[in-house]
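The values are calculated or read from the model by the stated rules, or taken from the named source; none is laboratory data. This one's a predicted model, so the numbers in the text were calculated from it and none came from an experiment. We place every Cβ from the backbone using ideal geometry, glycine too, and count neighbours over all the protein chains shown.
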Amino acid sequence: KSGKVVYFNNPMWPGEAHSLKVERVLYKGQSEFQEVLVFESSAYGKVLVLDGIIQLTEKDECAYQEMIAHLPLCSISSPKTVLVVGGGDGGVLREICRHSSVEHIDICEIDKMVIDVSKEFFPELAVGFEDPRVHLHIDDAVKFLRDAPEGRYDAIIVDSSDPVGPAQELVEKPFFETIAKALRPGGVLCNMAESFWLHTHLIQDMISVCRDMFKGSVHYAWTSVPTYPSGVIGFLICSTEGPPVDFKNPVNPIEKLEGAVKHKRELKFYNSEVHRAAFALPTFVKREVSLL
Ligand code: AAT
């Protein structure tokens with residue numbers, strides 16, 4: 001209700017809740033896959049919530065979307081073909097489109113309602129769908145990747161929800177196997193990978209699966225997103241066997257890409273310094289996810 005504080009509880013973060021004050025509810029609907037809610041908050045602008053989990057807010061979405069897109073795309077020279085898994089709000093597409101080398105972007109989102117709602121309430125994100133390089137596929141990404149041609153993509157960005165509901169299979173081994181196959185040799189994956197404060201076991205599992213699948217390299221990077229549980233979110237960043245990728249020193253720095261920094265919408269968060277810093281891990285994380 002308006003003026004009330006909403007508490008976000010979930011078994012993914014037991015024993016704690018985060019809360020936002022609601023100005024007014026703008027949309028509430030039930031899709032085939034999940035409950036979709038949009039509200040205006042007092043502190044973070046409009047908020048998109050799926051099945052009771054915050055997916056983005058207007059104020060801090062930059063920290064997530066810019067990082068998940070540019071960490072992989074600035075790590076390879078001249079990326080041309082990119083696949084986005086999930087990401088129905090369009091924010092990751094908006095960021096990929098800053099790269100003029102990119103010729104073709106496939107996006108596979110399971111839930112059309114997320115796209116429609118984003119077009120209505122989050123035009124600054126949904127603008128990503130307007131670029132002619134974008135090809136939309138409404139489908140389960142598990143199926144889409146099973147049918148994807150081998151070696152098709154330079155980069156795959158998995159902007160998916162937490163592994164409850166429709167995203168359950170997106171953290172399992174067969175899914176990573178199809179991703180590795182769909183990437184060209186020396187291609188890169190950037191996968192949303194939860195918070196080291198809450199989900200070290202899940203991160204450990206994902207890292208060990210990826211070490212089997214991605215013979216180039218496997219890294220973990222992170223950023224600060226205040227409205228995600230615990231305020232941080234990580235990314236698993238991997239490359240397939242082939243030309244080596246030095247993720248920590250971007251070969252394709254955003255500052256040198258024509259027009260990318262001063263785009264229609266300026267970058268708010270990402271730059272090459274933030275890129276390099278994102279790979280610095282706290283000691284306990286290095287130990288627990290065995291990256292020491
Ligand atoms: N950029 C916003 C952040 C997201 S959106 C995650 C999207 O993944 C949702 O639109 C959801 O519908 C989609 N999705 C979930 N499962 C699948 C699937 N199997 N195939 C295709 N798309 C899927 C993520 C926020 C992370 C929150 C961290 N706590």
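A few comments on the model shown:
- Qualifying residue in segment 72-87 (condition: touching a strand residue (DSSP E or B) at 6+ places or on another chain (Cβ under 9 Å), surrounded by fewer than 24 Cβ atoms within 10 Å (Cβ to Cβ) and closer than 15 Å to Phe121 by Cβ): no
- Test result for Phe39, within 11 Å of the ligand (Cβ to nearest atom) and at pLDDT 95 or above: no
- Residues being without any contact (Cβ under 8 Å) to a residue 40 or more places away in the chain and closer than 13 Å to Glu177 by Cα - total across segment 199-242: 8
- Considering segment 134-146, and only residues there that are closer than 17 Å to Val114 by Cα and of a type in the set (D, E, K, R), the residue that is surrounded by the fewest Cβ atoms within 10 Å (Cβ to Cβ) turns out to be Asp139.
- Residues in segment 27-36 that are closer than 12 Å to Asp111 by Cα, of a type in the set (D, E, K, R) and away from the ligand (no atom under 11 Å from the Cβ): Glu35 only.
- Search result, residues across segment 241-292 that are of a type in the set (Gly, Ala, Ser) and either closer than 24 Å to Met206 by Cβ or under 20 Å from the mean Cα position of the chain (by Cα) (or both): Gly242, Ala260, Ser272, Ala277, Ala278, Ala280, Ser290
- If only residues of segment 122-146 that are over 20 Å from Glu66 (Cα atoms) and in a helix (DSSP H, G or I) are counted, the one that is nearest to the ligand (Cβ to nearest atom) is Ala141.
- If the condition is being within 12 Å of the ligand (Cβ to nearest atom), part of a helix (DSSP H, G or I) and over 13 Å from Gly87 (Cβ atoms), then segment 152-177 contributes Gly165, Pro166, Gln168, Glu169, Val171, Phe175.
- The criterion of being more than 10 Å from the ligand (Cβ to nearest atom), surrounded by 15 or more Cβ atoms within 10 Å (Cβ to Cβ), of a type in the set (Val, Ile, Thr) and under 21 Å from the mean Cα position of the chain (by Cα) does not hold for Ile115.
- Flag if Val225 is touching an Asp or Glu at 6+ places or on another chain (Cβ under 9 Å) and either modelled with pLDDT under 95 or at positive phi (or both): no
- For segment 178-206, residues that are more than 14 Å from the ligand (Cβ to nearest atom) and surrounded by fewer than 20 Cβ atoms within 10 Å (Cβ to Cβ) total 8.
- Listed by first and then second residue, the pairs linking a residue in segment 158-174 that is closer than 14 Å to Gly88 by Cα to a residue that is among the hydroxyl-bearing types (Ser, Thr, Tyr) and near the ligand (Cβ under 9 Å from one of its atoms), with Cβ atoms under 8 Å apart and 6 or more places separating them unless they lie on different chains, are Ala167/Ser160; Ala167/Ser161.
- Set Ile68, Ile107: member being assigned to a helix (DSSP H, G or I) and within 14 Å of the ligand (Cβ to nearest atom): Ile68
- Filter result for Pro149 (surrounded by fewer than 22 Cβ atoms within 10 Å (Cβ to Cβ) and either within 14 Å of the ligand (Cβ to nearest atom) or in a strand (DSSP E or B) (or both)): no
- If you go through segment 207-223 and keep only what is more than 13 Å from the ligand (Cβ to nearest atom) and surrounded by 16 or more Cβ atoms within 10 Å (Cβ to Cβ), you end up with Ile207, Val209, Cys210, Met213, Phe214, Gly216, Ser217, Val218, His219, Tyr220, Ala221.
- Within segment 71-96, restricting attention to residues that are in a loop (DSSP other than H, G, I, E, B) and over 18 Å from Pro250 (Cα atoms), the residue that is farthest from the ligand (Cβ to nearest atom) is Gly90.
To keep it simple, each residue is scored yes or no on (1) more than 9 Å from the ligand (Cβ to nearest atom); (2) under 26 Å from Val84 (Cα atoms); (3) free of Cβ contacts under 8 Å to residues at least 24 places away in the same chain; (4) not in a strand (DSSP E or B).
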residue	(1), (2), (3), (4)
Val6	yes, no, no, no
Pro14	yes, no, yes, yes
Leu20	yes, no, no, no
Tyr44	yes, yes, no, yes
Val47	yes, yes, no, no
Ile54	no, yes, no, no
Ala63	yes, yes, no, yes
